[in-house]
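Peer 1: Sharing a structure with you now.
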Amino acid sequence: MQNQVVAKSGREHKYFVYVMTLVAAIGGLLFGFDTGVISGVILFVKSQFHLTPMTEGLVVSAVLFGAFFSAALSGRFSDIFGRRKLLIITAIFFIIGTIVAALAPTALWLIVGRIIVGFAIGISSFTAPLYISEVSPPQHRGMLVSFNQLFITIGIVLSYVVDFVFSNDGLWRWMLGIGVIPAIVLLVGMACLPESPRWLLSKGFEKRAHRILQKIHAKKEVDQEFKEIEDSLKHQHGGWKMLFQKWLKPAIIIGFGLAFFQQVAGINTIIYYAPTIFQMAGFQSATSAILATSGVGVLNVLFTIIALPLIDKWGRRPLLIIGMIGMILSLAATGLAFSAAGHSTMLKWIALGSVMIYIPSFAISLGPIVWLMIAEIFPLKVRGLAASLCSSVNWGTNMLVAVTFLVLVQLLGPHGTFWLYSIMCIIGLVFIYFFVPETKGVTLERIEENLLAGKKCRDIGE
Ligand code: BGC
């Protein structure tokens, strides 16, 4: 049996890694779907449950709350129980939360269901990229892990389609309930797939780790990889204590920084408030609102697809830098257009053009690369814990931006708000330039060695 496995051709090895990637990335699909679907649901539950502005806010943000807390609390579990088991538990949370929300007899139950779905999203947001990064060969890791981001963007578009299909008859329970199908696929899929070989080895399951490495890598690479992982585990104990050791500081700075800047760049204000932004700019019909929303979603998918092969070819840093420049300029242009409102009839076209530059710029940079690097830069023994904390920084900042957007528009005006995001992106660009390393083609173990050797943030991918 073992020999049979070893005899597999390189193509078959690759095929198996793709299966593992696509199944884990369903976690991303659910992340996108469940964050997007609420915009349609809220229109109907508002009147059915007589929601006040306060309860409406709670229904909309319950997922973010759940994700923030679960991301903060579940990291240790991914190091203790393994990536695969955690993804299976995540799928169960997705199923339970979706059923509770779809059948909710009151607003309170709806909020409870959505918080449970949020728990699942928070866990899968870091566990799915981790699992994929630990089974990928280094030369394709960027693309494979970024499938998760591609699935997030597809999930967002699917949520618009589902909202649109069921909105004629006000079937909000179906809008939510349909999410149970991908959740079941994730559950069954993960139950059939093996655990990450890196995690197995970190727990001393050598034979199983070796067997899985044989399934996913070419024969000649297996022994060397096995040894590199084994070496990297020496002298590491894992847990919270390790997280505070000095040699891990560069990875923490990079991970927390990227997680933070991904959200303060304002992506979710553009994704979820696109119709509001276009309305403020002068496009007032319902058709233009629908076109704006779906256009933003589809652009996001298309440019994530374009980015996939480039992440391993050009590298993470060039894409991040190009994308950040695009975001800075497009946000500044939106601000400028709003500040000239009243004097210029061009406003709506400039706003439209800016969004059409902003979304592709995000999709080739902060979108995929933040989640990818969070899954790459930490040492194996604390990878789950550290990645989960970065993820929680991301969800916390996501909440902050969501809560403050409309307030900022009132305080600073739309122009001031977009300039503020543009300034955040400038600071983000400086951060990336000075602190973010290039990790293209390097093994995870090499990154770990560099950290141990005391290298600076920018140099840990050398
Ligand atoms: C971000 C989400 C965002 C999505 C849009 C993800 O990487 O974490 O906040 O909604 O990209 O594509």
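Peer 1: Let me confirm something: among Asp163, Asp169, which residue is of a type in the set (D, E, K, R), in a helix (DSSP H, G or I) and at pLDDT below 95?
Peer 2: On the way: Asp169 fails: in a helix (DSSP H, G or I).
It is Asp163.
Peer 1: Please determine, by comparing only the residues of the range 207-230 that are touching a His at 6+ places or on another chain (Cβ under 8 Å) and under 24 Å from Glu449 (Cα atoms), which one is surrounded by the most Cβ atoms within 10 Å (Cβ to Cβ).
Peer 2: Out of the qualifying residues, it is Ile216.
Peer 1: Continuing with this model, one more query. Just to verify a result, which residue in the range 257-270, among those that are more than 14 Å from the chain's Cα centre (by Cα) and within 11 Å of the ligand (Cβ to nearest atom), is surrounded by the most Cβ atoms within 10 Å (Cβ to Cβ)?
Peer 2: Only one residue tops the list, namely Ala265.
Peer 1: Can you tell me which condition His50 does not meet? The list is (1) at positive phi; (2) in a helix (DSSP H, G or I), and all the others hold.
Peer 2: Unmet condition: (2).
Peer 1: Right, another one. One residue is enough: does the range 244-256 have a residue meeting the conditions within 16 Å of the ligand (Cβ to nearest atom), touching a residue at least 24 places away in the same chain (Cβ under 8 Å) and within 24 Å of Thr21 (Cβ to Cβ)?
Peer 2: Yes - at least one qualifying residue is present in the range 244-256.
Peer 1: Is it true that some residue in the range 180-188 is more than 16 Å from the ligand (Cβ to nearest atom), touching a Leu at 6+ places or on another chain (Cβ under 8 Å), modelled with pLDDT of 95 or more and within 15 Å of Ala101 (Cα to Cα)?
Peer 2: Within the range 180-188, one or more residues are more than 16 Å from the ligand (Cβ to nearest atom), touching a Leu at 6+ places or on another chain (Cβ under 8 Å), modelled with pLDDT of 95 or more and within 15 Å of Ala101 (Cα to Cα).
Peer 1: Being within 16 Å of the ligand (Cβ to nearest atom), among the acidic types (Asp, Glu), part of a loop (DSSP other than H, G, I, E, B) and within 22 Å of the chain's Cα centre (by Cα) is the requirement here; does Glu376 meet it? Working first, answer last.
Peer 2: Values: within 16 Å of the ligand (Cβ to nearest atom): yes; among the acidic types (Asp, Glu): yes; part of a loop (DSSP other than H, G, I, E, B): yes; within 22 Å of the chain's Cα centre (by Cα): yes.
Spelling it out, Glu376 is indeed within 16 Å of the ligand (Cβ to nearest atom), among the acidic types (Asp, Glu), part of a loop (DSSP other than H, G, I, E, B) and within 22 Å of the chain's Cα centre (by Cα).
Peer 1: On to the next question. Out of the residues in the range 272-324 that are over 19 Å from the mean Cα position of the chain (by Cα) and among the polar types (S, T, N, Q), which is surrounded by the fewest Cβ atoms within 10 Å (Cβ to Cβ)?
Peer 2: That would be Thr287.
Peer 1: Just wondering, is there one or more residues in the range 396-418 that are among the small types (Gly, Ala, Ser), at pLDDT 95 or above and either over 23 Å from His140 (Cα atoms) or more than 16 Å from the ligand (Cβ to nearest atom) (or both)?
Peer 2: yes
Peer 1: Out of Ala332, Ala386, Ala337, I need the residue that is away from the ligand (no atom under 16 Å from the Cβ), touching a Gly at 6+ places or on another chain (Cβ under 8 Å), in a helix (DSSP H, G or I) and small (Gly, Ala, Ser). Which one?
Peer 2: From the options Ala332, Ala386, Ala337, the qualifying one is Ala386.
Peer 1: With surrounded by fewer than 16 Cβ atoms within 10 Å (Cβ to Cβ) and touching a residue at least 40 places away in the same chain (Cβ under 8 Å) as the only criterion, which of Val19, Val59 stands out? Give the derivation first.
Peer 2: On the way: Val59 fails: surrounded by fewer than 16 Cβ atoms within 10 Å (Cβ to Cβ).
Exactly one of Val19, Val59 is surrounded by fewer than 16 Cβ atoms within 10 Å (Cβ to Cβ) and touching a residue at least 40 places away in the same chain (Cβ under 8 Å), namely Val19.
Peer 1: In the range 328-349, what residues are buried (at least 19 other Cβ atoms within 10 Å of the Cβ) and either β-branched (Val, Ile, Thr) or touching a Phe, Trp or Tyr at 6+ places or on another chain (Cβ under 6 Å) (or both)?
Peer 2: Ile328, Ser330, Leu331, Thr334, Gly335, Lys348
Peer 1: From the list Gly97, Gly28, which one is within 15 Å of Ser391 (Cα to Cα) and either within 16 Å of the ligand (Cβ to nearest atom) or in a helix (DSSP H, G or I) (or both)?
Peer 2: Of the residues listed, the single one that is within 15 Å of Ser391 (Cα to Cα) and either within 16 Å of the ligand (Cβ to nearest atom) or in a helix (DSSP H, G or I) (or both) is Gly28.
Peer 1: Is at least one residue of the range 70-87 surrounded by 18 or more Cβ atoms within 10 Å (Cβ to Cβ), among the β-branched types (Val, Ile, Thr) and part of a helix (DSSP H, G or I)?
Peer 2: No: the range 70-87 contains no residue that is surrounded by 18 or more Cβ atoms within 10 Å (Cβ to Cβ), among the β-branched types (Val, Ile, Thr) and part of a helix (DSSP H, G or I).
Peer 1: Quick check on the range 310-321. Is at least one of its residues outside any helix (DSSP H, G or I) and more than 14 Å from the ligand (Cβ to nearest atom)?
Peer 2: yes
A quick yes/no check of all residues on (1) within 16 Å of the ligand (Cβ to nearest atom); (2) of a type in the set (Val, Ile, Thr); (3) farther than 15 Å from Leu186 by Cα:
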site: Phe77; (1), (2), (3): no, no, yes
site: Pro105; (1), (2), (3): no, no, yes
site: Ile115; (1), (2), (3): no, yes, yes
site: Pro137; (1), (2), (3): no, no, yes
site: Val145; (1), (2), (3): yes, yes, yes
site: Asn148; (1), (2), (3): yes, no, no
site: Tyr160; (1), (2), (3): yes, no, yes
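The values are calculated or read from the model by the stated rules, or taken from the named source; none is laboratory data. All figures in this text were calculated on a predicted structure; none of them were measured in a lab. We place every Cβ from the backbone using ideal geometry, glycine too, and count neighbours over all the protein chains shown.
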